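In what follows, a single structure is set out as structure tokens and then discussed.
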Amino acid sequence: MRTEAFVIHLRDPAALPRLALTTLIIVLLWPGLRLTEFDLGVLFDPRNRATMGKFIATFFPLATSAEFLRLLLKSTLETLAIATAGMALALLIGSPLALIVTRSLSISRIGPGRGFAVGRMLRLPARFILMFFRSIPEIVWALLFVRAVGLGPAAGVLAIGVTYGGMLGKVYSEILESGDTRPTSALLEAGGGRLATFFYGMWPVALPELVSYTVYRWECAVRASVIMGFVGAGGLGQQMELSMRMLNGGEVSTILLTFFLLVVLADAISAFLRKVTA
């Protein structure tokens, strides 16, 4: 009886490419770390630890006076209003542009037809508009709009609307493109219009992912509105800047806790909407 020995090779055939890729990443990352003067050892320096300890100690106890809490509530509502109104404006900007640039809704996918050239001419400028809107950070837009409309929440709303409009349009189009496009193609071939094809062929499939990303962007808008408060766009950011200028760590820690609760709220809303739209 003949016995055959089976040898199992434990060597990973992809080990060499992975090692080469890791080495390349390290080689590319190292100059960046040197350029930014990144050094973790600085955090563990005794003098720096003492300074950080004193700074963190000023955060306690939290500020809980009735007057400050009333002011905090007003700033929180203002921040939520800025984020929500900015997202509404972003939806008005991004949604139509997403439909224009989505290739799956184009008649050119099934062959030349009426409006073929017009569609191609509209798609390219729409893509550049989305690129332009999202290429400029929201805080830069906020600085520009503060000059245009003055200090206050209006500048924050406009900054979020423009920047996030570009982001929503870009990601919405990618979500629509990555889904099952067979129903869309069938509706287009049957003579359906772009809007009808979108609502009956794409919307039911892409809705959960669209809602999830929109709520995530709303959460990002809340964070962005806080940052833009430092340039005079109102909300929690402006209140935090005032508290930091007065070196009132208790007020700062209370504002940070409020901000954390807002993120928890956004996460809960996102989970609820995913269940509803699933």
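Summary table
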| quantity | calculated |
| --- | --- |
| Subset tally (residues that are at pLDDT 85 or above and surrounded by 13 or more Cβ atoms within 10 Å (Cβ to Cβ)) for region 258-278 | 1 |
| So L188, is it more than 25 Å from the chain's Cα centre (by Cα), at pLDDT below 80 and buried (at least 20 other Cβ atoms within 10 Å of the Cβ) | yes |
| Breaking point among (1) in a helix (DSSP H, G or I); (2) among the small types (G, A, S); (3) at pLDDT below 85, for A83 | (3) |
| Long-range neighbours under 6 Å by Cβ, at least six apart or interchain, first residue more than 17 Å from I160 (Cβ to Cβ) within region 62-83, second open to solvent by less than 20 Å² (accessible area, probe 1.4 Å) | L62/G250; L62/S253; L62/T254; A63/G250; A63/T254 |
| Count of residues meeting criterion [assigned to a helix (DSSP H, G or I), over 15 Å from R70 (Cα atoms) and open to solvent by 10 Å² or more (accessible area, probe 1.4 Å)] in region 239-251 | 4 |
| Output for region 31-80, where each listed residue is open to solvent by 70 Å² or more (accessible area, probe 1.4 Å), of a type in the set (F, W, Y) and in a helix (DSSP H, G or I) | F44, F55 |
| Test: residue in region 160-180 that is on the phi < 0 side of the Ramachandran plot and modelled with pLDDT under 65 | yes |
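The values are calculated or read from the model by the stated rules, or taken from the named source; none is laboratory data. Keep in mind that this is a model prediction, so the values were computed, not measured. Ideal geometry is used to build each Cβ from the backbone, glycine not excepted, and the neighbour counts take in all protein chains shown. Only protein heavy atoms, including side chains, enter the accessible area calculation; ligands, DNA and RNA are left aside. Shrake-Rupley method; radii C 1.70, N 1.55, O 1.52, S 1.80 Å.
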